[in-house]
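J.: Okay, handing you the structure first.
The values are calculated or read from the model by the stated rules, or taken from the named source; none is laboratory data. It should be emphasised that the depicted structure is a prediction, and the values quoted were computed from it without experimental measurement. No Cβ is skipped: glycine too gets one built from the backbone with ideal geometry, and neighbour counts run over all protein chains shown. When the accessible area is computed, the model is the full protein with side chains, heavy atoms only, and any ligands, DNA or RNA have been set aside. Shrake-Rupley method; radii C 1.70, N 1.55, O 1.52, S 1.80 Å.
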Amino acid sequence: MKTNKLASTIMFTVTAFSVSAAALAEPSVEELAERLERMQQEMDQLRQQLKKSATKEEVQVIKKDVAKAGERLQADNLVHITGYADVGYTDSESEDGSFNVGTFAPIFHFQYRDLVMLESELEFTVGDDGKTETNLEYLTIDWFINDYMVLVGGKFLSPIGQFRQNFHPSWINKLPSAPPGFGHDGAAPVSDVGLQLRGGFPIGAVRANYAVYLSNGPELIAEFEDGEFELDGVEAEGFGSDGDGEKVMGGRLGIIPFAGFELGLSAASGKATVTSIEDGDSSVLNGEGERDYDVIGADFNWQYKAFNLRGEYVETEVGADTGSGTAASEGATWETWYTQGAYRFPQSKWELVARYTDFDSPHNSQDQQQWSIGANYLFTNSFIGKLAYEFNDGQTGSDANQDALLLQMAYGF
Amino acid sequence: MKNLIWKCVNTVRKKAALLLLTVLATQSLYALDYPEAGDFAKGSKAWSENCARCHNMRNPTDLKDGLTSLFHMRVRAGLTGQETRDIVTFLKGVNTRSRNGSVSNAEVKASVNESQDKLLGKGIYENNCMACHSADGRGGLPSVPDFTRKNGRLTKKDSELLSNIINGYQSSGSLMAMPPRGGNSQLSDADLNAALKYIKASFSE
């Protein structure tokens with residue numbers, strides 16, 4: 001019995017060993033070749049996949065592309081609207097206080113790449129009679145010739161001085177009114193129609209900007225007083241035709257010797273002719289001679305931290321007409337200057353402003369010296385509340401002698 | 001004297017016109033790439049030095065789509081074409097959000113020198129902060145704080161200051177906010193920390 005069990009155990013052991021040995025037997029050459037071929041195929045597949053996959057650099061580029069995917073591409077043609085508006089309240093010595101809509105002045109821009117831009121500002125105002133007046137403040141096509149030259153054609157703001165071309169918008173002007181002589185009937189030209197070349201250039205560390213223009217020039221107004229004609233005013237507001245055919249040439253050179261300070265010199269020269277009579281019949285004018293028309297100006301602007309100081313001087317001189325024209329008369333000179341200081345309190349939205357202006361005209365009733373002081377509250381940098389009081393000193397009884405309280409809310413958009 | 005000046009002007013008028021036409025005729029190259037990339041740091045400087053010449057500084061973020069505004073200002077303020085491109089690049093940088101605090105603004109890549117990564121502290125301050133904060137740290141523009149003031153801005157904790165620099169900050173009463181990362185989204189947290197260390201070392205008592 002024991003012998004049988006031993007024999008069975010030995011048989012089982014031998015059988016199991018034989019089976020396991022058979023299972024662990026080395027593969028044949030054919031099997032190895034087959035395996036190798038399969039591995040080679042897998043390797044080729046991996047190589048192909050690797051070729052198709054991105055490198056780290058490519059992944060970075062893709063990431064950036066994805067990041068930019070939501071951004072709008074820059075269009076070649078751009079349309080843009082900006083501008084400013086103001087409303088206010090005026091109370092002068094001679095008139096009851098009244099609310100007023102000062103100006104709504106939308107500015108339209110149409111631009112094609114960095115080659116050309118059309119700029120136009122319309123000016124809507126509400127007159128004392130409630131009627132809306134519309135004016136084309138300027139309309140120019142600006143050709144960006146190169147980095148230093150822009151050719152401007154059309155009706156442009158006069159580059160004589162700084163106030164008219166840069167400071168007059170109500171959200172920029174720190175007081176509710178323009179300095180006497182810098183308005184629409186003063187000593188400084190407002191706008192002109194013609195061609196203008198302007199731009200900027202560096203001179204080492206000093207920066208400079210310039211504007212030169214050729215234009216139709218102004219027209220003159222005469223008045224009949226005390227039995228004779230005399231010059232009443234210069235209309236320099238961009239006439240669409242040149243009645244006397246004589247052009248005016250002028251310009252301004254600005255120098256910025258260091259950041260925050262600019263000094264400018266301006267001049268214009270040409271001819272101008274009387275074309276209308278103040279409160280009279282202009283059709284009686286006949287044989288009016290061309291008069292010399294000369295303008296000179298100087299301006300400065302200094303920004304030092306929260307303090308701003310600026311000033312400007314303009315003189316317009318019109319020569320005599322000694323011919324046989326109906327309104328032949330002596331020449332006349334208009335002169336004005338102002339200095340303005342402003343201080344913005346640190347970490348505050350309050351700003352104080354003071355300005356002194358002296359306007360001399362050939363007519364005593366227009367002469368005016370003005371002190372204007374004001375306080376501004378800057379809701380934002382382009383939304384400003386202004387409160388100002390003007391101390392005006394002129395001929396007794398004239399409008400130029402009336403003090404005034406002014407409030408204004410201006411918004412540059 | 002005035003007559004003499006005008007006589008001279010009239011004499012050279014025709015020659016000047018001829019010269020002008022010649023110059024115009026020789027200028028026929030326009031930008032092939034539009035808008036061309038400018039220099040971020042120079043743009044920041046030009047922005048701070050030119051805008052306040054006429055009006056209150058506006059927030060750079062006010063002009064997110066301000067390309068046309070800048071061409072308008074180029075004409076008005078007598079900027080050169082290069083200055084205009086620099087400011088455009090600056091505004092694009094300011095108005096491009098930084099993603100996860102890492103580099104994300106490919107648009108300004110041309111404006112930032114490769115070597116900027118190596119500039120730390122002083123260099124970063126000079127290229128990105130100085131236009132508004134001025135070289136002496138006293139503030140070059142209205143509402144910009146004076147770093148040198150006793151009990152001033154630099155008495156805050158470093159972590160708070162760094163957070164303000166990274167995320168942008170507008171103090172009470174100020175009309176202009178400092179843009180996140182000084183407007184340059186390419187600056188890393190480490191870069192800004194280095195700039196902060198420079199500011200504290202240079203301007204705080």
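J.: Just to be sure I understand, how many residues within the stretch A:138-157 are hydroxyl-bearing (Ser, Thr, Tyr) and under 15 Å from the mean Cα position of the chain (by Cα)?
T.: Number of matching residues: 2.
J.: What's the total number of residues in the stretch B:170-188 that are outside any loop (DSSP other than H, G, I, E, B) and open to solvent by 50 Å² or more (accessible area, probe 1.4 Å)?
T.: Selection size over the stretch B:170-188: 2.
J.: Please count how many residues of the stretch B:151-169 are open to solvent by 70 Å² or more (accessible area, probe 1.4 Å) and farther than 15 Å from B:HIS133 by Cβ.
T.: Selection size over the stretch B:151-169: 7.
J.: Within the stretch A:102-114, identify whether any single residue is farther than 19 Å from A:GLY374 by Cα and in a helix (DSSP H, G or I), and answer yes or no.
T.: Among the residues of the stretch A:102-114, not one is farther than 19 Å from A:GLY374 by Cα and in a helix (DSSP H, G or I), which makes the answer no.
J.: Considering each of A:LYS155, A:LYS174 in turn, give the residue that is part of a strand (DSSP E or B), of a type in the set (D, E, K, R), open to solvent by 10 Å² or more (accessible area, probe 1.4 Å) and modelled with pLDDT of 95 or more.
T.: A:LYS155
J.: Give me the residue from the stretch A:275-292 that is assigned to a strand (DSSP E or B), in contact with a Gly (Cβ under 9 Å, 6 or more places away or on another chain) and open to solvent by 10 Å² or more (accessible area, probe 1.4 Å) and, out of that set, modelled with the lowest pLDDT.
T.: If we take residues in the stretch A:275-292 being assigned to a strand (DSSP E or B), in contact with a Gly (Cβ under 9 Å, 6 or more places away or on another chain) and open to solvent by 10 Å² or more (accessible area, probe 1.4 Å), then A:THR275 is modelled with the lowest pLDDT.
J.: Moving on to the next point. Please find, within the stretch A:158-169, the residue that is nearest to A:LEU405 (Cα to Cα) out of those that are assigned to a loop (DSSP other than H, G, I, E, B) and open to solvent by less than 10 Å² (accessible area, probe 1.4 Å).
T.: Among them, the one singled out is A:GLN162.
J.: Going by the conditions given, is B:THR68 modelled with pLDDT of 65 or more, surrounded by fewer than 23 Cβ atoms within 10 Å (Cβ to Cβ), under 29 Å from A:ASN77 (Cβ atoms) and touching a Leu at 6+ places or on another chain (Cβ under 6 Å)?
T.: yes
J.: Looking at this structure, is A:PHE379 within 21 Å of A:PHE163 (Cβ to Cβ) and surrounded by fewer than 20 Cβ atoms within 10 Å (Cβ to Cβ)?
T.: no
J.: Then there is this: Within the stretch A:253-274, can you find the residues that are closer than 23 Å to A:VAL193 by Cα, buried (at least 17 other Cβ atoms within 10 Å of the Cβ) and of a type outside the set (D, E, K, R)?
T.: Within the stretch A:253-274, A:GLY254, A:GLY264, A:SER266, A:ALA267, A:ALA268, A:SER269, A:GLY270, A:ALA272, A:THR273, A:VAL274 qualify.
J.: Just the residues that are over 15 Å from the mean Cα position of the chain (by Cα) and free of Cβ contacts under 8 Å to residues at least 40 places away in the same chain, please, taken from the stretch A:158-179.
T.: Within the stretch A:158-179, A:ALA178 is the sole residue that qualifies.
J.: A further question follows. Whether any residue in the stretch B:100-112 is modelled with pLDDT of 50 or more, outside any helix (DSSP H, G or I) and either in contact with a helix residue (DSSP H, G or I) (Cβ under 7 Å, 6 or more places away or on another chain) or surrounded by 16 or more Cβ atoms within 10 Å (Cβ to Cβ) (or both) is what I want to check.
T.: no
J.: If you don't mind, there's one more thing I want to ask. Would you pick out the residues in the stretch A:136-147 that are of a type outside the set (A, V, I, L, M) and either surrounded by 18 or more Cβ atoms within 10 Å (Cβ to Cβ) or at pLDDT 95 or above (or both)?
T.: A:GLU137, A:TYR138, A:THR140, A:ASP142, A:TRP143, A:PHE144, A:ASP147
J.: Sticking with this structure for a sec: Quick one: A:GLU315 ticks every box in (1) of a type outside the set (A, V, I, L, M, F, W, C); (2) touching a residue at least 40 places away in the same chain (Cβ under 8 Å); (3) more than 13 Å from chain B (Cβ to nearest Cβ) bar one, so which box is it?
T.: (3)
J.: Take the residues in the stretch A:83-108 that are modelled with pLDDT of 95 or more and among the β-branched types (Val, Ile, Thr); name whichever of them is farthest from B:PHE71 (Cα to Cα).
T.: Only one residue fits best here, namely A:THR90.
J.: Next question, about the same structure. Please identify the pairs in which a residue from the stretch B:73-95 that is within 11 Å of chain A (Cβ to nearest Cβ) and among the hydroxyl-bearing types (Ser, Thr, Tyr) has its Cβ atom under 6 Å from the Cβ atom of a residue that is surrounded by fewer than 24 Cβ atoms within 10 Å (Cβ to Cβ) and part of a helix (DSSP H, G or I), counting only partners at least 6 apart or on another chain.
T.: Listed by first residue and then by second, the contacts come to B:THR84/B:LEU70.
J.: So, of the residues in the stretch A:225-281 that are within 14 Å of chain B (Cβ to nearest Cβ) and charged (D, E, K, R), which turns out to be farthest from A:THR333 (Cα to Cα)?
T.: Filtering first and then ranking leaves A:GLU262.
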